[in-house]
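Presented below is the structure to which this report refers.
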Amino acid sequence: MTTANRRTPTDGPDGPDGPNGPDGGTSPILSIERGEVDAHTRIEPHSHPEPMLLWTATATVTVSTTERDWLVPPAYGMWIPAGTEHTGATQQAGEGCIIRFAPAHCPIAWTEPTGLAVTPLLRELILHLARNGPTAPGRGHAEALVFDLLTPLPSSTIHVTMPADPRVRTIAERLVASPADPRELAGWAHEVHAGVRTLSRLFLSETGLTFAQWRTRVRIRAAAHLLADGESVGATARAVGYRKTGAFINAFRRATGQTPGAYTRVDTVPLAAPAPTRRRAARESRDGR
């Protein structure tokens with residue numbers, strides 16, 4: 001977090017685990033930090049003595065360990081176990097949240113970094129705990145529900161592997177930030193000072209996908225979040241680089257096994273959704289939303 005941090009301590013004699021705590025037990029949550037994450041922020045390799053949950057409310061970040069990289073878009077989170085060395089980089093500025101847990105009292109025993117979706121209910125619980133003090137009535141019940149809702153993402157979730165070589169990494173980060181970028185590898189070659197064949201080989205060896213396949217996966221993953229936030233299928237297609245809605249629908253179905261319409265019913269509204277303008281309301285009416 002770089003600005004507007006909010007740190008909510010929950011341990012100590014006045015927290016839920018102390019004699020003055022409302023639930024008389026030990027709180028598994030040490031702190032909750034919320035704030036804006038600046039664009040292009042990079043965090044050097046480090047580790048924490050306690051497990052933590054990184055939640056990107058509106059930001060997009062990558063988390064890297066010695067074994068692999070994770071792309072964490074808005075409305076998703078990453079569980080990082082205690083002692084796991086990792087780095088981080090912001091691909092898109094926005095709001096983020098870090099929750100730190102007491103190792104001795106945390107009921108989650110995941111030993112590997114684990115991706116998860118932050119559902120609307122989980123989001124509201126986190127915000128409730130951040131807004132209210134450690135002695136708030138019912139805090140223990142809210143904390144218990146948080147752990148019940150921390151569920152690893154299913155294997156069918158769209159996974160995007162980030163390459164490590166700096167030449168293709170630059171391309172990958174630009175496309176994550178702007179998935180509609182239409183450039184092919186020939187258009188990127190001069191910018192990253194590498195030949196098309198070299199870039200093609202690197203994408204395949206480092207991600208297991210061709211450049212076109214990898215870019216499609218990035219676009220479909222970005223599209224899923226736009227659809228969940230209420231964008232129409234046509235607007236989403238254009239936002240992620242498809243000129244024809246039909247081509248977008250076919251690509252989306254191949255990647256997810258579902259039509260884009262299935263994702264428009266997912267309730268993942270922003271933290272503070274603005275009231276629709278008259279122009280937006282008219283557009284939504286035309287789109288049947």
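The values are calculated or read from the model by the stated rules, or taken from the named source; none is laboratory data. None of these values were measured; they are calculated from a predicted model. Note: ideal-geometry Cβ built from the backbone for every residue, glycine included; neighbour counts use all protein chains shown. The protein model used for the area step is the full one, side chains on, heavy atoms only, and it has no ligands, DNA or RNA in it. Shrake-Rupley method; radii C 1.70, N 1.55, O 1.52, S 1.80 Å.
When Rg and Dmax are taken over the Cα atoms of region 58-145, they come to 14.2, 42 Å.
Please identify the chymotrypsin sites (Phe, Trp or Tyr not before Pro) of region 96-188 that satisfy two criteria: DSSP loop assignment and at most 14 other Cβ atoms within 10 Å. Which are they?
Values: sites: F101, W110, F147, W188; in loops: W110.
Answer in residue order: W110.
Using the Cβ-Cβ distance between E36 and T198 with R0 = 45 Å, the FRET efficiency computed as 1/(1 + (r/R0)^6) comes to roughly 0.75.
In square angstrom, what is the accessible area per residue of region 94-234 with a 1.4 angstrom probe? Could the numbers behind the result be given before it?
Working: 6340 Å² over 141 residues.
Normalised by residue count, the accessible surface of region 94-234 is 45 Å².
Between the beta carbons of E191 and A247, assuming R0 = 22 Å, the FRET efficiency works out to 0.25 to the nearest 0.05.
Grab the beta carbon distance between A180 and H159, set R0 = 35 Å, and tell me the FRET efficiency rounded to 0.05.
Efficiency for this residue pair is about 0.95.
Between I43 and A212, the contour length at 0.36 nm per residue exceeds the alpha carbon distance by 57.9 nm.
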